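Undergrad: Dropping a structure here in C-alpha cells format, bear with me for questions.
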C-alpha cells in the first residue's frame, strides 16, 4: 500500500517559492491594471469635515479619488462572525467611508486610484483631509471607568462568562492561594506579505485575487456588502505570504478594491503598506489578566478565578477568549472565567496566533509556577498531580497525552535534578534559569460541511480539488498526500488544486482546523472515487475482479487488486480505457461531529526553556527550548515540525520582544513597521527541539488535532518561568523588556 | 513617493556645484536611510545627485599610524580593513554591530555620519516635530520616548542620534573632511554634531552643497585595546538602547588615560568627557568606573519611558571599561 501520509514529504510548491515562480496577489498582472492607495484617518475619533482632493486629482496618472461623499452605499450592513463558520466574515461590523464619522486612526477616509502604484501612493499624500477631533479612548488606562462585562465573545459565538461551583468560598477556604495580575501589550501579526486584493469586473461579474486565509469568506463577505449574487463573485488565491489570523477575516480594503474597480471601469490592485497593516487587519488587543488559584497543601487545585480585561472597538464586543484552557486543563471543582471589555477607538481586534488562549495559558501557567514554589513541589509534578482526566462536563478527552508530553519533555530537556532555587546558577555575567509550562489549545469544530472533488484520468493520473488556500502551512502538500493514499496512487501521480471559489467549498483555515478539515474532505472525495472505480470493476465481466467483494479489493500504484491475492487485479487505466472513460470523478464531503460530542476537546503539549539573564543590563537570551506535543495524527512530520518550531519562536517573541504601545494623545500606535515593532532575528533563536507524543483520536477528523496553535501556547510562560528561576523576580508584563528585567539600582 | 530628478556625477566639484545651486538638491550615496526618508515623505528633495562614482572609496594609512577613510567606503569594507580592525577594534566592532550585513555592504561612511534619528515622530511625517517641521513642537517629550535621549536634550528635541560608528569615531577624535562651495574644511567630529538646543533641525555644520569627502582617524595607541559594546532588545538588527566605546590605559593598577563614548542615550554621539576626567589617576576598579559613570550621568534628563537608561548607561560604562582594561576584544 502507498503510505504518503506520515512521511516527511517536501513541499509540493517549494520549487515555485524558491525560484520566484509562485505568484502572490500583489504580483498578479492584468491588462489595464490600475492601482489604489488608501488614505487612513489621522485622528482616532471625530469627523471628516472636508476632503480637498484637488491636488491629488491634478497629480500625474490619477484616475479617481473616492471618499464618503462619492463612494456608493454598501448593500448590506456587515455583521461580525468568525470566518470558520462559513458565513460572511467582515472582521468588524463597521464599513468605512459610508459617512463622515471617524472611529479609529487608520480608518480609510479616501481611496486614490492611479495608473501606477507610485502615482497612487504619491497622490494619496496630496489628499487634504480636515478633521474635527473628538475625545478618544485608545488604552485600558483611559477607559477604566467604562468597563463592562461581555455577554458574548467572538461575534456572539461564545459566552463571556464561564463558571461552576462556588469560587468565592473555595478561594476563601483554600489553605494556599496565589493571586497575580498581568499586563500584556497589543500584538500584531506581521505577515511577511501585507494584504492585497486585485479586483476585476467583467459583465457584472467580479473576480477577486485576494490575499486571504479563506477564499470562501471573501466571496461571501464581498457579495453581501455589494449585494451581488454569490455566483457572480469568484475569489482566487494561489499563494499567501503568511496569515497568523490577520487574513482570517475579510477586512474593508477587499470590498473597497472591488468598489474602486467598478468606479474606474478597470482592474484595480490595492496593496496595503506595511504601516497600514497595523490599522487594517485587526490585532491582538491590549489586555490585562488576573488569576487566583486556591490549592491544598499537597498541591491539589480547589479553585481558579481567571479574569480578562481588554479594549475593543466602538462597534463590536470582540475579545479573544482566554479561559477555554484554564477552565478545563486541571481538575478543579470551583471555577470562574470572566471577560470584561472597554469600547475604545481602535478597529475591532481579531484572531492572532494561538487566539486568546495563548495569553490565558501564560497567566495560568506562570501562576502554577508560583504555586509550585509556594508549595515546594516540582513544577512538572504539580501539573501531573492536577491534570484533569475529563473535561468539566465529565466527558473523557477525545485523546490526551499531556502526562506523556510532560514526562518526555522533562527527560529530553534534562529537567530532573534541577535545583529549584532562584538565582543559583551563574555563567559569567549571566544568571541561568530553566522553566516549563503545560500547553493546551481547544480543538474547534464550528465549520459547516466541507467538500472536495477527485478526478482520475484514463492514464491513471489524478486531480483533487477543494476551495482552500495555501498560506504557508503546507496544505497543498498534505492534501496531496491524503489524496494519494486514499486513491492508491503514487504521490507523483496526484495534483492537488486549490485557491478558487469555483472549486468545492471548504471553510477558512483558522484555529488549527485547516489540515484536519481539508484532509477529511479530500479523503472523502478520493475514497468515493476509488469506491466507484472498484464497484465498476467488480461489476464488469471483462475485469479480472469481476464478482469480487469490493471490500476485499485494495489499490496500490493505481492498480486495484484482491487484498489476499494481489496477482488478481487491473489498473484504473485499463478499466477506464475499456469503458471509454477519459476521466471520472467524485465529490466527497465531511461534516464535523456535533458540538455536543461527549468528548473533551483539547490538544496538549509541554514546553521547556533555558534562559540566560544579564541582571545588570536587563538582557534575556533563550539558550534552548524543548517542546513536546500530542497533536494526534501527523500527516507530514517535516511540515508539522516547521509549524511547531515557528509557534515556539512566536512564544519566545511574545515573551521577550513583541508589543505595541498606543500614543493616547494622538490615538495612534507607537510602532508601525518592523524596525519599531520587534520580532526576533535569527540570532535570537536558540536550539529548538520538537518531539511528538502519539495519541489515537477517533473523534476528530482523520485523528488530526492540528499544529497551527499548540506550538505557540505555553512557550512564553516557559520562558517567563525560566526568567524567574534565573533572577528570583516575578515580572508581570509582556514583553519582558530590559527595563523590567534589570535589577533595580538598590540591589545591584 | 514624490516625483524627483536624478543625476549622476563623476567629480566632487561637479557634485558640489549641482547641489549648491539647487535649493532642493541632495546628495545620494548608499541611500539606506535617505531613500526610506524620501519614501516616507520626510526628506523631500527634488533632485538626488548620485555621488557613488566619485573617487572617495579608498581607505589609506596616514603617516604616524592614523587612517583616512574615504567618505564612500562601505561600512563592511571599513570593518574588515586590517588597519581599522587592528588599530581601532572599537571602530570595527561598532561597524559590525550596526544594521545588517546587506545594509553594511551598501551604506557609506559619510552617509552614516549624516543619518537621521529613528524617532518615530520624526519619521511618521505627521506628528509635531521640531526637527522635521521647526516650530511645531516635540511629540516625544511627553510621548512614547523609551528610545529617546537622556543626554544633550532640550525642551525642543530629545531624539537620539542612531549611529554606532560615530560613537567610536567620537571616542578617538576623528576629523571630518568636507568640500563645499566655500572650499574644503576639516571639522573635529565632536564639533560636527550639534546639540539640538532650539534648532534641532540643524544637526551638523554642513552648508547646503557641502559634501563629506573623508574621515581621518588620528593615531591613538589607546585605541588598540578599545571595545564597543552594544545593548539592545534583540541580538542583531536593532539600534542601541545603550552602547559604549571604551578604552583605558592602566599602569600599576592606576588609570592613566581613558576614552569613553556613549550611543543610544545622547542627542549626538556622546563623548563622556566628565567620566574620562574622573577616571584619571584612580584605581582601575569597578567601583572607580561606577563613580565615573555616575558623574557622567548626573547631567542626564530622563523622561517617562527612558528613565531606566540612566542606570543602564552607567552599568554599560562599567562593563565597557572592565572589558577594555582586561585587554579589549581579544
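Undergrad: Regarding residue A:740, is this residue within 14 Å of chain B (Cβ to nearest Cβ), touching a strand residue (DSSP E or B) at 6+ places or on another chain (Cβ under 9 Å), at pLDDT 95 or above and in a loop (DSSP other than H, G, I, E, B)?
TA: Spelling it out, it is not the case that residue A:740 is within 14 Å of chain B (Cβ to nearest Cβ), touching a strand residue (DSSP E or B) at 6+ places or on another chain (Cβ under 9 Å), at pLDDT 95 or above and in a loop (DSSP other than H, G, I, E, B).
Undergrad: Further, regarding this structure: Condition first: surrounded by 17 or more Cβ atoms within 10 Å (Cβ to Cβ), out of contact with any strand residue (DSSP E or B) (no Cβ under 6 Å at 6 or more places or on another chain) and in contact (Cβ under 8 Å) with a residue 24 or more places away in the chain. Now tell me which residues in segment A:106-152 satisfy that.
TA: Residues satisfying the conditions are A:107, A:119, A:122, A:126, A:136, A:137, A:142.
Undergrad: Looking only at residues in segment B:164-179 that are over 12 Å from the mean Cα position of the chain (by Cα) and in a loop (DSSP other than H, G, I, E, B), which one is farthest from the other protein chains (Cβ to nearest Cβ)?
TA: Among residues in segment B:164-179 that are over 12 Å from the mean Cα position of the chain (by Cα) and in a loop (DSSP other than H, G, I, E, B), the one farthest from the other protein chains (Cβ to nearest Cβ) is B:173.
Undergrad: While we're here: Of the residues A:157, A:153, A:126, which is at pLDDT below 95 and either within 14 Å of another protein chain (Cβ to nearest Cβ) or touching a helix residue (DSSP H, G or I) at 6+ places or on another chain (Cβ under 8 Å) (or both)?
TA: The unique qualifying residue is A:157.
Undergrad: Answer with yes or no whether residue A:219 is touching a strand residue (DSSP E or B) at 6+ places or on another chain (Cβ under 7 Å) and in the same structural domain as residue A:364 (by TED's automatic domain parsing).
TA: Values: touching a strand residue (DSSP E or B) at 6+ places or on another chain (Cβ under 7 Å): yes; in the same structural domain as residue A:364 (by TED's automatic domain parsing): no.
Here the answer is no, as residue A:219 does not meet what is asked.
Undergrad: Here is a check on your reading of the model: is residue B:44 within 14 Å of chain A (Cβ to nearest Cβ), touching a residue at least 24 places away in the same chain (Cβ under 8 Å) and surrounded by fewer than 21 Cβ atoms within 10 Å (Cβ to Cβ)?
TA: The answer is yes for residue B:44.
Undergrad: Do any strands (runs of 3 or more DSSP E) entirely within segment A:560-620 hold 3 or more residues that are in contact with a helix residue (DSSP H, G or I) (Cβ under 7 Å, 6 or more places away or on another chain), and if so, which?
TA: Working: elements: A:565-571, A:583-590, A:602-614.
By residue number, A:583-590, A:602-614.
Undergrad: Given the condition within 14 Å of another protein chain (Cβ to nearest Cβ), part of a strand (DSSP E or B) and surrounded by 24 or more Cβ atoms within 10 Å (Cβ to Cβ), answer yes or no: does some residue in segment A:622-630 qualify?
TA: Let us first name the residues in segment A:622-630 that are within 14 Å of another protein chain (Cβ to nearest Cβ), namely A:622-623.
Now narrow it down to the ones that are part of a strand (DSSP E or B): A:622-623.
Remaining after also requiring surrounded by 24 or more Cβ atoms within 10 Å (Cβ to Cβ): A:622.
Yes: one or more hits.
Undergrad: So is residue A:540 farther than 30 Å from residue A:353 by Cβ and at pLDDT 95 or above or not?
TA: When the stated conditions are applied, residue A:540 passes them.
Undergrad: Then there's this: Restricting to segment B:256-305, name every residue that is under 19 Å from residue A:618 (Cα atoms), within 20 Å of the chain's Cα centre (by Cα) and part of a loop (DSSP other than H, G, I, E, B).
TA: Answer for segment B:256-305, where residues must be under 19 Å from residue A:618 (Cα atoms), within 20 Å of the chain's Cα centre (by Cα) and part of a loop (DSSP other than H, G, I, E, B): B:264, B:265.
Undergrad: Please go through segment A:206-240 and pick out each residue that is touching a helix residue (DSSP H, G or I) at 6+ places or on another chain (Cβ under 9 Å), surrounded by fewer than 24 Cβ atoms within 10 Å (Cβ to Cβ) and in a loop (DSSP other than H, G, I, E, B).
TA: A:228, A:229, A:238
Undergrad: Considering only residues that are buried (at least 23 other Cβ atoms within 10 Å of the Cβ) and touching a helix residue (DSSP H, G or I) at 6+ places or on another chain (Cβ under 8 Å), which ones fall in segment B:164-178? Outline the logic, then answer.
TA: Here is the first cut: in segment B:164-178, the residues buried (at least 23 other Cβ atoms within 10 Å of the Cβ) are B:164-172, B:174, B:176, B:178.
Listed by number, the residues that qualify are B:164, B:165, B:166, B:167, B:168, B:169, B:170, B:171, B:172, B:174, B:176.
Undergrad: Would you please name the residue that is farthest from the chain's Cα centre (by Cα), looking only at residues in segment A:289-348 that are assigned to a strand (DSSP E or B) and without any contact (Cβ under 8 Å) to a residue 40 or more places away in the chain?
TA: A:307
Undergrad: Let me ask another. Would you mention how many residues in segment A:631-683 are within 14 Å of another protein chain (Cβ to nearest Cβ) and either in contact with a strand residue (DSSP E or B) (Cβ under 8 Å, 6 or more places away or on another chain) or not in a loop (DSSP other than H, G, I, E, B) (or both)?
TA: Going through segment A:631-683 one residue at a time, the tally reaches 19.
Undergrad: Still on this structure: Six or more apart or on different chains, Cβ atoms under 6 Å: show the pairs whose first residue is in segment B:235-253 and within 14 Å of chain A (Cβ to nearest Cβ) and within 19 Å of residue A:740 (Cβ to Cβ) and whose second is in a loop (DSSP other than H, G, I, E, B) and at pLDDT 95 or above.
TA: Cβ pairs passing all conditions: B:238/B:232; B:240/B:232; B:240/B:264; B:241/B:232; B:241/B:264; B:242/B:264; B:242/B:265.
Quick grid of which residues meet (1) more than 14 Å from chain A (Cβ to nearest Cβ); (2) out of contact with any strand residue (DSSP E or B) (no Cβ under 9 Å at 6 or more places or on another chain); (3) more than 30 Å from residue B:11 (Cβ to Cβ):
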residue: B:59; (1), (2), (3): yes, no, no
residue: B:67; (1), (2), (3): yes, no, no
residue: B:77; (1), (2), (3): yes, no, no
residue: B:90; (1), (2), (3): yes, no, yes
residue: B:108; (1), (2), (3): yes, no, no
residue: B:124; (1), (2), (3): no, no, yes
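Undergrad: Would you pick out the residues in segment B:215-234 that are within 14 Å of chain A (Cβ to nearest Cβ) and either surrounded by fewer than 17 Cβ atoms within 10 Å (Cβ to Cβ) or not in a strand (DSSP E or B) (or both)?
TA: Hits for segment B:215-234 are B:232, B:233, B:234.
Undergrad: Do you know which of the residues in segment B:19-41 that are touching a residue at least 40 places away in the same chain (Cβ under 8 Å) and more than 21 Å from the chain's Cα centre (by Cα) is nearest to the other protein chains (Cβ to nearest Cβ)?
TA: Restricting to residues being touching a residue at least 40 places away in the same chain (Cβ under 8 Å) and more than 21 Å from the chain's Cα centre (by Cα), the top hit is B:41.
Undergrad: Can you tell me how many residues in segment B:140-163 are within 14 Å of chain A (Cβ to nearest Cβ) and surrounded by fewer than 23 Cβ atoms within 10 Å (Cβ to Cβ)?
TA: Number of matching residues: 4.
Undergrad: Which residue out of A:483, A:521, A:479 is under 23 Å from the mean Cα position of the chain (by Cα), without any contact (Cβ under 8 Å) to a residue 60 or more places away in the chain, in a helix (DSSP H, G or I) and not assigned by TED's automatic domain parsing to the domain that holds residue A:212?
TA: Going through A:483, A:521, A:479 in turn, the sole match is A:479.
Undergrad: Hey, any hits in segment A:701-712 for a residue that's away from every other protein chain (no Cβ under 13 Å), closer than 18 Å to residue A:680 by Cα, modelled with pLDDT of 95 or more and buried (at least 18 other Cβ atoms within 10 Å of the Cβ)? Steps first, please.
TA: Restricting attention to segment A:701-712, the residues satisfying the condition of being away from every other protein chain (no Cβ under 13 Å) are A:701-712.
Restricting the remaining residues to those that are closer than 18 Å to residue A:680 by Cα gives A:711-712.
Filter once more, so that each one left must be modelled with pLDDT of 95 or more: A:711-712.
Now restrict to residues that are buried (at least 18 other Cβ atoms within 10 Å of the Cβ): A:711-712.
Yes, there is a match, as at least one residue in segment A:701-712 is away from every other protein chain (no Cβ under 13 Å), closer than 18 Å to residue A:680 by Cα, modelled with pLDDT of 95 or more and buried (at least 18 other Cβ atoms within 10 Å of the Cβ).
Undergrad: Which one is farthest from the other protein chains (Cβ to nearest Cβ), of the residues in segment A:684-700 that are out of contact with any helix residue (DSSP H, G or I) (no Cβ under 7 Å at 6 or more places or on another chain) and in a loop (DSSP other than H, G, I, E, B)?
TA: Of everything passing the filter in segment A:684-700, A:698 is farthest from the other protein chains (Cβ to nearest Cβ).
The values are calculated or read from the model by the stated rules, or taken from the named source; none is laboratory data. Just so it is clear, the model here is predicted, and its values are computed rather than measured. Cβ sites come from the backbone with ideal geometry, for glycine too, and all protein chains shown count toward neighbours.
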